[in-house]
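In what follows, a single structure is set out as structure tokens and then discussed.
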Amino acid sequence: MTDADLVLGYLGADSFLGGDMRLDVEAARRAIDERVARPLRLTIEEAAWGIHDLVNENMARAAAIHALEKARRISDYTMLPIGGAGPVHAAHIALKLGLARAICPLGAGVASAFGFLAAPTSFGFVQGRIEPLAQLDLAAVNAMLDRLQNEGEALLATAGTAPEAVTVAVAAAMRYLGQGYEIDVPLPRDAIRRGDLAEIERAFDASYRQYFGRTERGMPIEIVSWRLVVSGPRAEIDLGAAHSTPGAGAGAGTERGAALDPGASADLDRGSPHPRARRAAWFPQSGGFVDTPVFDRYRLRPGDAIAGPALLEERESTVVVPPGASARCDGNLNLVITLAQSAAGEHVA
């Protein structure tokens, strides 16, 4: 995949990893020519685009299936790509999914490590227990959930979490009696303590309707298993302050100046910054290679706007903005890419 992105011009041979690693374009071209292009009687560029597009198609299909399994309409969402290759492929995947926007955070290549450090400490427990809702042994269920909660809180205590900072979430895997599959239903812990079977049934009805658009009135409901998650507090993160601190990341600090106002992009219209270079990048919607401006992402400020096609390089990744799309830097230095789609995204996928 990296060979294909290099041949297509999306990656810079001299700027990969901030210039610390030089890529061999000719070696990539030879590999694609020998293994793909010649066997399929394609040009090297056609083969490279086929590799890139196949990767996009596989990721788009996986995202669509995941949304379908969660009873969500994928076109209602905005893409948030992470990983070194995520921003390279994000816009083309979003176009396949019919999304209107993609939001590329700064440092996407290290987002997984960042998320690991910023995510709250949590422990999850699953306990199988098959019984009809109407015959639920509430005393036994509450005793089981209390035991799991106590076990989770003890584990959190070893991680330094104070008891008052613990949150608890409970869900049950539920189905209609006789079905071969179940759905996860979030349940209020208080309703289980009170033995409010009507509220539990209403929660199941709401989840089932979200998945399937209907409910089966009069059919008995069955619980298959219980899931309890205990979590510590979420870390308070100020991305704007982090990006404005000298030494906070490659290119950070003195070139950015004062602390960033998270709402600044709402009022600023700074226009397009100057590219630092240009190179040929392959965009089939424009007929092939296009002379494309390359921007230093670390020099962007809130309100900067860039029309596609464009390439925005940072140490960990490159953001590809295709023709017809546009990118705007928000107050936290995220790049908000607006695509040529009619639907507006409201959530993040």
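The values are calculated or read from the model by the stated rules, or taken from the named source; none is laboratory data. From a predicted model like this one, the values you see are computed outputs, not experimental measurements. Methodologically, a virtual Cβ is constructed for each residue, glycine included, from the backbone with ideal geometry; neighbour enumeration extends over all protein chains shown. Just the protein is used for accessible areas: all its heavy atoms, side chains included, with ligands, DNA and RNA removed. Shrake-Rupley method; radii C 1.70, N 1.55, O 1.52, S 1.80 Å.
Observations
- Per residue, the stretch 1-151 exposes 52 Å² of accessible surface when a 1.4 Å probe is rolled over the protein heavy atoms with every protein chain present.
- The stretch 53-165 - Debye-derived log10 I(q)/I(0), Cα point model, q = 0.10, 0.13, 0.14, 0.19 Å⁻¹: -0.56, -0.79, -0.84, -0.96
- Neighbourhood charge, 13 Å Cβ-Cβ cut-off, centred on residue 224 and excluding it, Lys, Arg +1 and Asp, Glu -1: -1
- Isotropic mean projected area of the C-alpha convex hull, the stretch 51-101 (nm²): 3.3
- Pairs of Cα atoms nearer than 8 Å and 6+ residues apart set the relative contact order; for the chain it is 22 percent.
- In the chain, the inverse of the mean reciprocal separation of distinct Cα atoms equals 23.5 Å; this is its Kirkwood hydrodynamic radius.
- Across 48, 27, 67, mean-square fluctuation computed from a Gaussian network of the chain (C-alpha pairs under 10 Å connected) peaks at 27.
- Of the DSSP H helices in the chain, those whose Cα atoms cover at least 24 Å axially and whose Kyte score averages -1.0 or more: 44-69, 138-158
- Length released on extending from residue 2 to residue 35, taking residue separation times 0.36 nm less the Cα-Cα span: 10.4 nm
- Summing +1 for each Lys or Arg and -1 for each Asp or Glu among the other residues whose beta-carbon sits under 14 angstrom from that of residue 6 gives -4.
- Segment residue 151..residue 219, full-extension length gain: 20.9 nm, with 0.36 nm per residue of separation and the alpha-carbon distance subtracted.
- Projecting label points 7 angstrom from Cα along Cα→Cβ for residue 117 and residue 205 puts them 4.8 nm apart.
- Dividing the summed helix terms, -39500 (n - 2.57) for each DSSP H run of n ≥ 4, by the number of residues in the chain produces a 222 nm estimate of -9500 deg cm²/dmol to the nearest 500.
- Paramagnetic reach from residue 13 (point 7 Å along Cα→Cβ, amide N under 14 Å) across the stretch 66-93: none
- Counting only protein heavy atoms and a probe of 1.4 Å, the accessible surface of the chain is 53% carbon and sulfur.
- Look at the Cα gyration tensor of the stretch 101-198: its axes a ≥ b ≥ c give a/c of at least 1.5 with a/b at or below b/c, and that counts as oblate.
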